[in-house]
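Worksheet: the structure to be examined is printed underneath.
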Amino acid sequence: RLEADKYDLMTLMFWKNKLVDYDNGKVIKEFPEAAVFKRMADFLNHIQTVTRIDVPGKPLLYYFKITKTDDNTVYVVWEKRDAFSGEDKPSTNYVLPWTARAAKAIDTFGKTVPLKVSDGNLEMSVSETPIFIEENK
């Protein structure tokens with residue numbers, strides 16, 4: 001629906017959080033958040049298992065291995081930060097365990113994340129924004 005009824009409960013709850021505008025059941029506009037949601041859903045589609053990878057001495061680091069039913073593996077990493085001030089802080093450089101020869105990474109906003117793979121490690125800057133990492137074959 002194109003115009004919000006300010007007295008409608010659903011408008012109050014969801015109008016500012018919408019992903020798309022629609023008219024007569026057809027999508028007429030996608031908001032930028034829709035692309036973020038699609039990207040995340042594509043990476044997390046067909047999950048078989050999720051395993052947290054512990055990085056000793058890094059309790060604020062969330063690093064997960066996601067195996068998928070299509071025999072692909074995706075990793076996701078982010079740093080736990082304050083919900084309000086966390087995005088104002090600079091990224092933290094981490095060295096993560098990595099077994100593949102190469103990798104490619106993209107954050108939830110679609111930005112390519114630079115990284116370095118060497119000697120069984122993956123070095124990259126991490127913030128509160130989730131980063132999806134794939135083996136670069």
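Looking for whichever is open to solvent by 50 Å² or more (accessible area, probe 1.4 Å), assigned to a loop (DSSP other than H, G, I, E, B) and charged (D, E, K, R) here; the options are GLU128, GLU87. Which one fits? Only one candidate passes the filter, namely GLU128.
What are the residues in the stretch 69-84 that are out of contact with any Phe, Trp or Tyr (no Cβ under 9 Å at 6 or more places or on another chain) and either touching a residue at least 60 places away in the same chain (Cβ under 8 Å) or in a strand (DSSP E or B) (or both), if any? Within the stretch 69-84, ASN72, THR73 meet the criteria. For the stretch 100-125, the tally of residues that are part of a strand (DSSP E or B) and of a type outside the set (Lys, Arg) stands at 13.
Taking the stretch 90-99 as the range and being part of a loop (DSSP other than H, G, I, E, B) and either open to solvent by less than 50 Å² (accessible area, probe 1.4 Å) or on the phi > 0 side of the Ramachandran plot (or both) as the test, only TRP98 passes.
Just one of (1) open to solvent by 60 Å² or more (accessible area, probe 1.4 Å); (2) closer than 16 Å to LEU60 by Cα; (3) among the acidic types (Asp, Glu) trips up GLU123, so point out which. It is condition (2) that GLU123 fails. Applying the criterion of at least 1 residues that are of a type in the set (Phe, Trp, Tyr) to the strands (runs of 3 or more DSSP E) found wholly in the stretch 13-61 leaves 20-23.
Taking the stretch 106-137 as the range and being touching a residue at least 24 places away in the same chain (Cβ under 8 Å) and among the acidic types (Asp, Glu) as the test, the residues that pass are ASP107, GLU123, GLU128, GLU134, GLU135.
Residues in the stretch 34-51 that are open to solvent by 100 Å² or more (accessible area, probe 1.4 Å) and more than 20 Å from LYS68 (Cβ to Cβ): none. Being exposed (fewer than 14 other Cβ atoms within 10 Å of the Cβ), among the acidic types (Asp, Glu), modelled with pLDDT under 85 and farther than 20 Å from LYS104 by Cβ holds for only one residue in ASP8, ASP82, ASP54, and it is ASP8.
Restricting the search to the stretch 74-124, which residues are within 25 Å of GLU33 (Cα to Cα) and touching a Gly at 6+ places or on another chain (Cβ under 9 Å)? Correct list: GLU79, LYS80.
The values are calculated or read from the model by the stated rules, or taken from the named source; none is laboratory data. Please read these numbers as outputs of a predicted model, since none were measured by experiment. Counting neighbours? That spans all protein chains shown, and the Cβs are built from the backbone with ideal geometry, glycine included. Keep in mind that these areas ignore ligands, DNA and RNA; they rest on the heavy atoms of the full protein, side chains included. Shrake-Rupley method; radii C 1.70, N 1.55, O 1.52, S 1.80 Å.
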